[in-house]
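The values are calculated or read from the model by the stated rules, or taken from the named source; none is laboratory data. Note that the structure is a prediction, hence the values are computed from the model and not measured. FYI the Cβ positions are ideal-geometry reconstructions off the backbone, even for glycines, and counts take in every protein chain you see.
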Amino acid sequence: MEKKKPSYIFFGLLVLVLALFGWALSAQMQVSKMENTVLTVHRQFKYQDKEHDLTLSIPMLEYLHYKERPRPLWVNYYYGHSYHYFAEYVSMASDSNDDATIDAVAGYLDGVAASEGFDDREKAEFALVFVQSFTYIGDNVTSAQDEYPRYPVETLFEREGDCEDTSILLAAILDEMGYDVAMILFEEFDHIGLGINMPPEYTMYGNSWIYEGRRYWYLDTAGKQSIGWSPEPYNQTSAYIYPVGE
């Protein structure tokens, strides 16, 4: 009986090796499947009493890429000038790795605007209403951090976010559509918003901030208001202005 032990050991090792090989093969197949997975996002919203439906395809790897990207560090806010910390948010809106996805959104909005005969202000409002259709939710609900800014692809896929998330998203879209937009930092209130510089032929009303001779009108990305409306107390305070795409 003792002479049979080596054969048992050999058989056990063979089973173990085959099991590990099978697990590795299965894992590789899962990775390959994930690499080819495309996430489909549907978004319905209404503008000028008409329903619109955007269908967007987001590669899984693109979404996961952004989920793993670093976020602006609060330590840079407390130990450096807030404007430099603010610049990190602007870079999230102008990141080039999501150009294909942002191009698809901007292309859809531009196409509808052209077919409906929208002017430049209506087209900007159309993009604003699209982003306003996303659900508002605070960072402390969706993450373990009090501040967790999202890249545009994350907000598009998750279809929710707070003021900074929707501001970053809309900044990326409007910049791609050819608009002059700027992120707005209300340092006193730790709030980040978005502004748009409209051509002088448009009569505008509401709240705006001037930067190097350009007037940026507030965009209420997390609410339901039109261009120029700003909630209190931001409408009565100074702010840092950082143009996107410069």
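A few notes on this one:
- Answer residue from segment 148-163, given it is over 19 Å from Asp99 (Cβ atoms) and out of contact with any Lys or Arg (no Cβ under 8 Å at 6 or more places or on another chain) and is surrounded by the fewest Cβ atoms within 10 Å (Cβ to Cβ) among those: Glu160
- Answer residue from segment 231-246, given it is under 17 Å from Met92 (Cβ atoms) and aromatic (Phe, Trp, Tyr) and is surrounded by the most Cβ atoms within 10 Å (Cβ to Cβ) among those: Tyr242
- Members of segment 36-53 found to be closer than 20 Å to Ala124 by Cβ and under 16 Å from the mean Cα position of the chain (by Cα), listed by number: Arg43
- Members of segment 180-190 found to be touching a helix residue (DSSP H, G or I) at 6+ places or on another chain (Cβ under 6 Å) and more than 14 Å from Asp95 (Cβ to Cβ), listed by number: Val181, Leu185, Phe186, Glu187
- Only residues that are modelled with pLDDT of 95 or more and not in a loop (DSSP other than H, G, I, E, B) were counted across segment 212-240, and they come to 6.
- Just one residue in the set Thr221, Thr203 is farther than 22 Å from Leu109 by Cα and of a type in the set (Ser, Thr, Tyr); that residue is Thr203.
- Members of segment 185-209 found to be of a type outside the set (Gly, Ala, Ser), in a strand (DSSP E or B) and at pLDDT below 95, listed by number: Leu185, Phe186, His191, Ile192
- When Lys123 is tested against (1) outside any helix (DSSP H, G or I); (2) without any contact (Cβ under 8 Å) to a residue 60 or more places away in the chain; (3) surrounded by fewer than 23 Cβ atoms within 10 Å (Cβ to Cβ), just one condition goes unmet, and that condition is (1).
- Pick from segment 100-115, criterion free of Cβ contacts under 8 Å to residues at least 40 places away in the same chain and out of contact with any Lys or Arg (no Cβ under 8 Å at 6 or more places or on another chain), ranking: surrounded by the fewest Cβ atoms within 10 Å (Cβ to Cβ): Ser115
- Meets criteria (under 17 Å from the mean Cα position of the chain (by Cα), crowded, with 18+ Cβ neighbours inside 10 Å and touching a residue at least 60 places away in the same chain (Cβ under 8 Å)) for Leu194: no
- For first residues located in segment 143-161 and closer than 25 Å to Ala104 by Cβ, partners that are assigned to a loop (DSSP other than H, G, I, E, B) and at pLDDT below 90 and lie 6+ apart or on another chain with Cβ distances below 6 Å form the pairs Pro149/Arg71; Glu160/Ile137.
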